[in-house]
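The values are calculated or read from the model by the stated rules, or taken from the named source; none is laboratory data. In this text the structure is predicted, and so the values were computed from the model without any measurement. Virtual Cβ from ideal backbone geometry, glycine too; neighbours counted across all protein chains shown.
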Amino acid sequence: MNLTNVLYETRDGFALITVNRPDKLNALNRATLEDLRVAFHAAAKDPAVRSVVLTGAGEKAFVAGADIGEIASLDAQIGRDFAILGQGLFRTIETFPKPVIAAVNGFALGGGCELALACHIRLASENAQFGQPEVNLGVIPGYGGTQRLPRLVGRGIAIELLVTGDRIGAARAYEMGLVNAVVPLAELLAKAGDLAAKISEKAPEAVRHCLEAVNAGLDMPLEEGCYMEATLFGLCCATEDMKEGTAAFLQKRKPLFKGR
Ligand code: COA
């Protein structure tokens, strides 16, 4: 895999994807977005990869935003294309068929906060800071922040963060439900790895359908969402893993799932 600004490693049951531009606090330029696309494609294709941990290189930043050097020269048309490009990648992450865990190891600002928002689970180190400071640059978030932040933390808190550009620490992010847990920086990757290991023991198709049901269902009326859930439940019932999971329970042994 030919990557410049992203590291891709496979660990036991998961892929570790690291945004690797520490001298620019891992800011997302176009080349980095393209590398992320390639890395996620590889993780999707590899059946040994059951989840993804996404983090930033160094101890200071997860991702400090879209690259402001690139934003500076945008005009109306190219600015719209720039947003659509990033949105496409972030939607790929949000709808990824395997859980994506953001291990937020420092600044998650602007596009970095939006990247974390597109992930399924967010773990933060104690030094993490979140914010949408785009109003300081005369723009708004362009990678889904105005849409995903209110869906996650509620409209009032999201609007306050968006219009003030304020940064918040990990403890406050936890209080408002922006992150699932806060851990010391030195333990962050290990905790994310533990979570990935736990997921890798579950039935892959059931995990995939959980993600699908939540992602699609949140945009549906409850009744339609439940109807879709029933369909996905039915699909699970047609898998070998369902037979294995139920048989293992009844035989009082550990299931061995095959992803079929
Ligand atoms: N785009 C491009 N470069 C960025 C960047 C971004 N979003 N964020 C940081 N960098 C670069 C800096 O320009 C600097 O590069 P240089 O050494 O070549 O000058 C390097 O990363 C280190 O950043 P620096 O500002 O010196 O670190 P700091 O510890 O003083 O401050 C921040 C850290 C995160 C508070 C500050 O870098 C910042 O405010 N970044 C922009 C955040 C932002 O507005 N993001 C939203 C963009 S839409």
For the structure I just gave you, tell me whether A192 is part of a helix (DSSP H, G or I), within 16 Å of the ligand (Cβ to nearest atom) and within 16 Å of the chain's Cα centre (by Cα). no
Search result, residues across the stretch 126-172 that are of a type in the set (K, R) and within 16 Å of the ligand (Cβ to nearest atom): R148, R167
Could you say which residue among R80, R91, R50 is within 16 Å of the ligand (Cβ to nearest atom) and modelled with pLDDT of 95 or more? R80
Just wondering, is there one or more residues in the stretch 111-123 that are within 16 Å of the ligand (Cβ to nearest atom) and surrounded by fewer than 20 Cβ atoms within 10 Å (Cβ to Cβ)? no
Search result, residues across the stretch 69-87 that are surrounded by 13 or more Cβ atoms within 10 Å (Cβ to Cβ) and either closer than 28 Å to D46 by Cβ or not small (G, A, S) (or both): E70, I71, L74, F82, L85, G86, Q87
It is to be established whether one or more residues within the stretch 202-209 are assigned to a loop (DSSP other than H, G, I, E, B) and closer than 19 Å to F14 by Cβ. yes
Within the set of pairs 6+ apart or on separate chains, which have a first residue in the stretch 36-51 that is farther than 17 Å from D12 by Cα, a second that is among the polar types (S, T, N, Q) and at pLDDT below 95, and C-beta atoms under 8 Å apart? V38/N2
If you check every pair at least six apart or on different chains, which have Cβ atoms under 8 Å apart with a residue in the stretch 139-152 that is more than 14 Å from L74 (Cβ to Cβ) first and a residue that is more than 10 Å from the ligand (Cβ to nearest atom) and modelled with pLDDT under 95 second? R151/L218
So F40, is it of a type in the set (F, W, Y), away from the ligand (no atom under 13 Å from the Cβ), in a loop (DSSP other than H, G, I, E, B) and closer than 30 Å to R260 by Cβ: no
Got a sec? Which of A27, A31 is buried (at least 22 other Cβ atoms within 10 Å of the Cβ) and modelled with pLDDT of 95 or more? A27
